[in-house]
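Enquirer: Before I ask anything, here is the structure I am working with.
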Amino acid sequence: MAREFTSVGVVGLGTMGAGIVEVFARNGIDVVAVEVSDAALDRGRVILTGSTDRAVARGKLAEADRDALLARVTFAVGLDALHSVDLVIEAVPEHLDLKQRIFAELDRVCKPEAILATNTSSLSVTEISVATARPNQVVGIHFFNPAPVMKLVEVVRTVVTSADVVADVEALCGRLGKVDVTISDRAGFIANALLFGYLNHAVDMFESRYATREDIDAAMKLGCGLPMGPLALMDLIGLDTAYEILDTMYRRGGRDRRHAPVPLLKQMVTAGLLGRKSGRGFYTYERPGSPKVVPDEQTPTTTDPALTDAVVTKVGIGSARSELASPAVVTKVGIGSARSELASPAAVTKVGIVGSGTMATGIIEVFAKAGYEVVSVTRGAEQSAKVFEAVQTSLNKGVVRGRLSEADRDAALGRINWSATLEHLADVDLVVETVVEELSVKKALFASLDEICKPGVVLATTTSSLPVIEVAMATQRPADVVGLHFFNPAPAMPLVEIVRTIRTSAETIATAQAVSATLGKTGVVCGDRSGFIVNALLFPYLNDAVRMLEASYSTTDDIDHAMKLGCGYPMGPFELLDVVGLDVALAIQRELYLELREPGFAPAPLLEHLVTAGYLGRKTGRGFRDHTRR
Ligand SMILES: NC(=O)c1ccc[n+]([C@@H]2O[C@H](COP(=O)([O-])OP(=O)(O)OC[C@H]3O[C@@H](n4cnc5c(N)ncnc54)[C@H](O)[C@@H]3O)[C@@H](O)[C@H]2O)c1
């Protein structure tokens with residue numbers, strides 16, 4: 001028989017504590033909510049009522065249920081109020097000495113059989129537990145932010161936690177409608193150990209002005225389907241809390257440099273920029289605690305209404321591209337510079353696409369559908385026929401699914417000219433190169449394009465791993481060369497990374513941005529570093545998941561669950577690796593490691609072994625999971 005929990009205590013009503021109170025009270029459990037002062041108690045009460053009022057407004061909670069929920073909560077200053085609860089969850093700031101002091105006090109105040117739990121994200125539950133005389137009744141119950149929404153709870157057992165305490169807490173999680181994973185006491189547990197290196201890396205990209213905050217966040221949302229971008233997530237977590245978590249993980253987790261908090265974080269915390277809770281972090285919010293972002297001095301003017309209007313008109317009526325020449329966009333130029341400069345995009349009506357693979361096929365479709373005249377150049381008639389067939393099949397699917405009329409399909413196909421000769425690119429306004437990922441081939445092609453294309457044409461490469469500057473320098477016009485990194489499948493994926501080399505002109509970037517917008521894509525601008533934004537942030541995280549599995553800390557299923565239910569990821573890391581292909585992941589990870597020389601980026605040996613064994617993922621029937629039996 002699992003233990004009955006009729007009343008619980010929550011210590012600290014900040015970002016997490018207030019949400020944890022709501023979770024318990026929603027599920028019929030009485031809560032004693034404790035803070036340090038009346039003022040802090042009031043702040044906690046406001047978070048709780050704000051959240052429940054929003055749930056009522058959204059129709060997710062009946063008014064009567066909200067009132068019953070709030071009636072279950074008693075507010076108090078000081079731990080003495082917790083004398084008769086069955087379980088306490090501590091959610092005070094992430095400092096070991098503070099938590100140890102509170103646990104020593106809880107041990108004195110609470111009844112002997114009460115379970116004492118910490119919501120710590122990174123500190124040692126074992127070290128917290130030894131501050132009490134009942135370490136066998138101390139456990140980690142790690143909720144995710146926002147606690148009322150996120151399904152996951154990590155239950156952390158130490159070497160001395162009793163098995164029945166763990167079982168009782170697991171049963172309680174079920175009663176709260178949560179999914180629990182039980183793990184041992186290691187810095188960051190599952191989710192944060194995989195998340196915080198990524199978040200810190202994103203802050204580093206922002207600090208070094210590699211890309212804007214909006215572009216970093218948009219890249220991860222649109223490129224990976226994440227519910228929020230890393231910088232917006234940092235603001236939600238709270239920058240002070242994130243700093244402490246990183247700092248502890250760095251010290252406890254083997255001094256991995258990727259967890260050493262980026263200096264900017266400390267500066268922001270010192271300046272009181274704590275994220276949503278203080279009204280300002282990476283973004284500015286309507287008021288402290290509000291989720292609503294308001295414009296500030298960093299808000300880009302790239303979505304100039306004039307440009308947006310022009311784009312909408314054009315897409316709507318599919319008319320000539322030349323109108324696009326008018327609106328000016330602000331773009332960032334220069335190495336590491338946040339200087340804004342006005343640049344006008346060049347008019348683009350005719351686009352050349354070189355290549356005949358999966359990406360070329362998708363990109364041809366995207367441009368033709370958006371109303372551009374397309375010249376497809378392949379290595380021969382046979383390849384052109386193959387690409388034509390693939391584009392036609394894809395467009396037909398659009399017709400069958402009701403997304404495209406037959407007339408629009410025919411018009412799109414009619415806009416494509418098929419050729420096997422680069423000379424046919426003499427009068428295009430933009431070339432998109434999407435041939436094999438080999439530097440020598442791309443360089444030779446760009447040298448030819450330089451001979452053939454008229455002056456002022458934008459020359460773009462879709463490379464995902466090669467330095468764009470290398471192909472740019474194969475021409476006499478490096479200012480006109482840019483990376484346009486589409487995602488697969490190009491017609492479906494809403495993101496394009498626009499890669500600016502140290503020689504790319506502001507006009508070229510402006511043209512790439514304007515063209516991306518007419519394609520219905522979000523173009524994010526970044527520097528010319530391995531992995532650009534998305535792959536540089538995504539693959540090390542996947543590699544870390546493999547390392548965690550290799551260390552036998554958890555299972556593929558639990559790790560996948562943790563990231564999906566704790567962080568809202570559409571797929572767990574092993575699901576995603578099996579889809580992407582382990583060989584592809586390994587190649588990208590190697591590139592990142594070679595370029596950045598970051599020891600933490602070294603490919604996980606298990607990944608290397610699986611690739612050597614031919615376990616490449618879904619495409620070979622087996623990767624981290626066996627797909628032949630499903
Ligand atoms: N923020 C997140 O996304 C997140 C997610 C999961 C876990 N956590 C963990 O939850 C814990 C709390 O983090 P947070 O982000 O909610 O912090 P927070 O700063 O938002 O809130 C902490 C609260 O604790 C109160 N407090 C401080 N000392 C106290 C005391 N002696 N007695 C009672 N209350 C006291 C503060 O007044 C404040 O309201 C940390 O251990 C953190 O690592 C945070």
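Enquirer: Which of (1) within 11 Å of the ligand (Cβ to nearest atom); (2) surrounded by fewer than 14 Cβ atoms within 10 Å (Cβ to Cβ) is the odd one out, the single condition residue 34 does not satisfy?
Expert: (2)
Enquirer: Residue pairs, Cβ under 6 Å, 6 or more apart or interchain, first in the range 379-391 and closer than 8 Å to residue 356 by Cα, second of a type in the set (A, V, I, L, M, F, W, C). List them.
Expert: 384/418
Enquirer: Any residue that is closer than 21 Å to residue 249 by Cβ, within 10 Å of the ligand (Cβ to nearest atom) and part of a loop (DSSP other than H, G, I, E, B) - is there at least one of those in the range 126-143?
Expert: no
Enquirer: Of all the residues that make up the range 415-464, how many are open to solvent by less than 40 Å² (accessible area, probe 1.4 Å), among the polar types (S, T, N, Q) and closer than 19 Å to residue 370 by Cα?
Expert: Number satisfying all stated conditions: 2.
Enquirer: If you don't mind, another one. In the range 477-516, what count of residues is obtained for those that are under 16 Å from residue 367 (Cα atoms), of a type in the set (Gly, Ala, Ser) and open to solvent by 10 Å² or more (accessible area, probe 1.4 Å)?
Expert: 1
Enquirer: Output the number of residues of the range 88-97 satisfying the condition of being surrounded by 14 or more Cβ atoms within 10 Å (Cβ to Cβ), near the ligand (Cβ under 8 Å from one of its atoms) and farther than 21 Å from residue 74 by Cβ.
Expert: The qualifying residues number 1.
Enquirer: While we're on this one: Quick check on this structure: which one of 147, 117, 81 is open to solvent by less than 40 Å² (accessible area, probe 1.4 Å), over 33 Å from the mean Cα position of the chain (by Cα), hydrophobic (A, V, I, L, M, F, W, C) and within 16 Å of the ligand (Cβ to nearest atom)? Spell out how you get there, then give the answer.
Expert: Values: 147 fails: over 33 Å from the mean Cα position of the chain (by Cα); 117 fails: over 33 Å from the mean Cα position of the chain (by Cα).
Residue meeting the stated conditions: 81.
Enquirer: Among the candidates 204, 164, 180, 240, which residue alone is more than 17 Å from residue 276 (Cβ to Cβ), open to solvent by 30 Å² or more (accessible area, probe 1.4 Å) and within 15 Å of the ligand (Cβ to nearest atom)? Full working, then the answer.
Expert: Details: 204 fails: within 15 Å of the ligand (Cβ to nearest atom); 164 fails: within 15 Å of the ligand (Cβ to nearest atom); 240 fails: more than 17 Å from residue 276 (Cβ to Cβ).
After ruling out the rest, the residue left standing is 180.
Enquirer: Another question, then. Could you check the range 371-490 for strands (runs of 3 or more DSSP E) lying wholly inside it with 3 or more residues that are of a type in the set (A, V, I, L, M, F, W, C)? Lay out the reasoning, then the answer.
Expert: Values: elements: 373-377, 416-419, 430-433, 458-461, 481-486.
The strands (runs of 3 or more DSSP E) meeting that bar are 373-377, 430-433, 458-461, 481-486.
Enquirer: If a residue must be surrounded by 21 or more Cβ atoms within 10 Å (Cβ to Cβ) and either over 12 Å from residue 196 (Cα atoms) or touching a Cys at 6+ places or on another chain (Cβ under 7 Å) (or both), how many such residues does the range 243-278 contain?
Expert: So the count comes out to 7.
Enquirer: Additional query: For the range 559-630, give me every one of the helices (runs of 4 or more DSSP H) that falls completely inside it and has 3 or more residues that are within 18 Å of residue 488 (Cβ to Cβ). First the steps, then the outcome.
Expert: Values: elements: 573-580, 582-596, 605-612.
By residue number, 573-580, 582-596.
Enquirer: Please go through the range 210-237 and give me each residue that is within 16 Å of the ligand (Cβ to nearest atom), part of a helix (DSSP H, G or I) and touching an Asp or Glu at 6+ places or on another chain (Cβ under 7 Å), ordered by number. Give the derivation first.
Expert: Within the range 210-237, the subset within 16 Å of the ligand (Cβ to nearest atom) is 226-237.
Next, only the ones that are part of a helix (DSSP H, G or I) stay: 230-237.
230, 231, 232 - these are the residues of the range 210-237 that are within 16 Å of the ligand (Cβ to nearest atom), part of a helix (DSSP H, G or I) and touching an Asp or Glu at 6+ places or on another chain (Cβ under 7 Å).
Enquirer: Pairs under 9 Å by beta carbon, first residue open to solvent by less than 30 Å² (accessible area, probe 1.4 Å) in the range 122-133, partner of a type in the set (Gly, Ala, Ser) and assigned to a loop (DSSP other than H, G, I, E, B), six or more apart or different chains?
Expert: 122/187; 122/188; 122/253; 123/187; 124/187
Enquirer: OK, next. For the range 249-285, enumerate the residues that are under 18 Å from residue 598 (Cβ atoms), under 21 Å from the mean Cα position of the chain (by Cα) and of a type in the set (Lys, Arg).
Expert: Matches in the range 249-285: 257, 258.
The values are calculated or read from the model by the stated rules, or taken from the named source; none is laboratory data. As the structure is a computational prediction, the values presented were derived from the model and not from experiment. For neighbour counting, all protein chains shown are included, and Cβ atoms are generated from backbone atoms with ideal geometry for every residue, glycine included. Heavy atoms of the whole protein, side chains included, go into the accessibility calculation; ligands, DNA and RNA do not. Shrake-Rupley method; radii C 1.70, N 1.55, O 1.52, S 1.80 Å.
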